[in-house]
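Structure record follows, encoded as structure tokens.
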Amino acid sequence: MRLKADLTLFLISIIWGSAFVAQRMAGQVGGVYIFNGLRYLLAGLVVFLFAFRLGRVSNPTRQVKSPTYITRAQFKWIFIAGFFLFVASALQQAGMQYTTAGNAGFITSLYVVLIPIILFFFWGERPHWLFIIAVILAMAGAFLLSTGGKFDAIQFGDLLELIGALFWAFHVILLGKYASKFESISFSVGQLGVCGLLNLVVGLAVEPMPVFDSNLLFAIAYTAFLSLGLCYTLQIWAQKHTPPADAALILGLESVFAVLSGWLFLNERLTGIQILGCVMIFAAVILSQFKEWTSGTIDTDHLVEGR
């Protein structure tokens, strides 16, 4: 069962990494808010239908259960989490208009390194000394990846992805500290719905209606049904049958598959300096989790909530 779970997580990391290609395809036709709105709303519907179906299967006699009420506190944190997810996803997708799928994947993965920094400044939680090394390594790697080693060549799209990584980090922290107090499926559906609605409202206000060609429709379907809907449900099952350290390491391969997918499907190329930057970022992500891996205590339940 553990091997099956690890292979499932490996498949998830492939889908999440390749999803950056789909997002890049949407970005090339100018899709940001409307694209995000449609895919997050569809993903919320997929998760809701899965939860409904699961409930029917687990209760085949259809006996009436006592109702579960969503409290005011849960509504509050659903909206807050959905808002941070909205900002993070909008920055990520906007950056995809100006950078490659590989760059976006690796720079987004920096959220793992940013989490202990945020916890220190906003919650007073002192990071392990390894985090300091990881931060320096990650920032140097991001610089090499974005600029190719040239001080005057920072890419605008990479900057958007870096700011987006900051909001992904806040989102993960909020999920770990507050969302864990509530039922996970309803919370997930709620935050996906809030994110989708905010994106759609802003998009209808500031964006022209995109041309729904085959590339855009494929990108919406792929990210909504696979990277968000299917992978979320598979992740829940897989992490019940594999150690947290295994899950964190395997899911961390997402950024690697983003580069490979960009190379295979979009003919994206990296220079030697940029490859070095990717290696440094990946090493920083692993190093930032080293203490938790060795103790087997890392919480990966909410590592990713909105690719």
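Of all residues in region 139-162, which are closer than 23 Å to Ala90 by Cβ and in a helix (DSSP H, G or I)? Full working, then the answer.
Within region 139-162, the first condition is being closer than 23 Å to Ala90 by Cβ, and the residues that meet it are 142, 145-146, 154-162.
Correct list: Ala142, Leu145, Ser146, Phe156, Gly157, Asp158, Leu159, Leu160, Glu161, Leu162.
Determine whether region 174-184 contains at least one residue that is of a type in the set (Gly, Ala, Ser), in a helix (DSSP H, G or I), out of contact with any His (no Cβ under 9 Å at 6 or more places or on another chain) and surrounded by 16 or more Cβ atoms within 10 Å (Cβ to Cβ). So far as region 174-184 goes, no, none of its residues is of a type in the set (Gly, Ala, Ser), in a helix (DSSP H, G or I), out of contact with any His (no Cβ under 9 Å at 6 or more places or on another chain) and surrounded by 16 or more Cβ atoms within 10 Å (Cβ to Cβ). Selection of region 1-28 for residues being over 15 Å from Tyr232 (Cβ atoms) and not aliphatic (A, V, I, L, M) yields Arg2, Lys4, Asp6, Phe10, Gly17, Ser18, Phe20, Gln23, Arg24, Gly27, Gln28.
Summed over region 201-220, the residues that are in a helix (DSSP H, G or I), in contact (Cβ under 8 Å) with a residue 60 or more places away in the chain and of a type in the set (A, V, I, L, M, F, W, C) give a count of 8.
Restricting attention to region 186-215, which residues are of a type in the set (A, V, I, L, M) and crowded, with 18+ Cβ neighbours inside 10 Å? If you could, list the steps in order and put the result at the bottom.
Within region 186-215, the first condition is being of a type in the set (A, V, I, L, M), and the residues that meet it are 189, 192, 194, 197-198, 200-202, 204-206, 209, 211.
If the condition is that a residue be of a type in the set (A, V, I, L, M) and crowded, with 18+ Cβ neighbours inside 10 Å, then Val189, Leu192, Val194, Leu198, Leu200 are the ones that fit.
Take the residues in region 98-135 that are assigned to a helix (DSSP H, G or I) and touching a Pro at 6+ places or on another chain (Cβ under 6 Å), then tell me which one is modelled with the lowest pLDDT.
Step one: filter region 98-135 for residues assigned to a helix (DSSP H, G or I), giving 101-108, 111-123, 129-135.
Imposing the further condition that a residue be touching a Pro at 6+ places or on another chain (Cβ under 6 Å) reduces the set to 116, 120, 131.
Working: Pro116: 87, Phe120: 90, Phe131: 79.
Applying the filter and picking the extreme gives Phe131.
For region 26-50, name all the residues that are β-branched (Val, Ile, Thr) and modelled with pLDDT under 90. Of everything in region 26-50, those that are β-branched (Val, Ile, Thr) and modelled with pLDDT under 90 turn out to be Val29, Val46, Val47.
Residues being surrounded by fewer than 23 Cβ atoms within 10 Å (Cβ to Cβ), modelled with pLDDT under 95, over 30 Å from Ala284 (Cβ atoms) and aliphatic (A, V, I, L, M) are entirely absent from region 6-25.
Which members of region 55-90 meet the condition of being aliphatic (A, V, I, L, M) and either modelled with pLDDT of 90 or more or in a loop (DSSP other than H, G, I, E, B) (or both)?
Across region 55-90, the qualifying residues are Val64, Ile70, Ile78, Ile80, Ala81, Leu85, Val87, Ala88, Ala90.
The values are calculated or read from the model by the stated rules, or taken from the named source; none is laboratory data. These numbers come from a predicted model, not from an experiment. Reconstructed Cβ throughout: ideal geometry from the backbone, glycine too, with neighbour counts over all protein chains shown.
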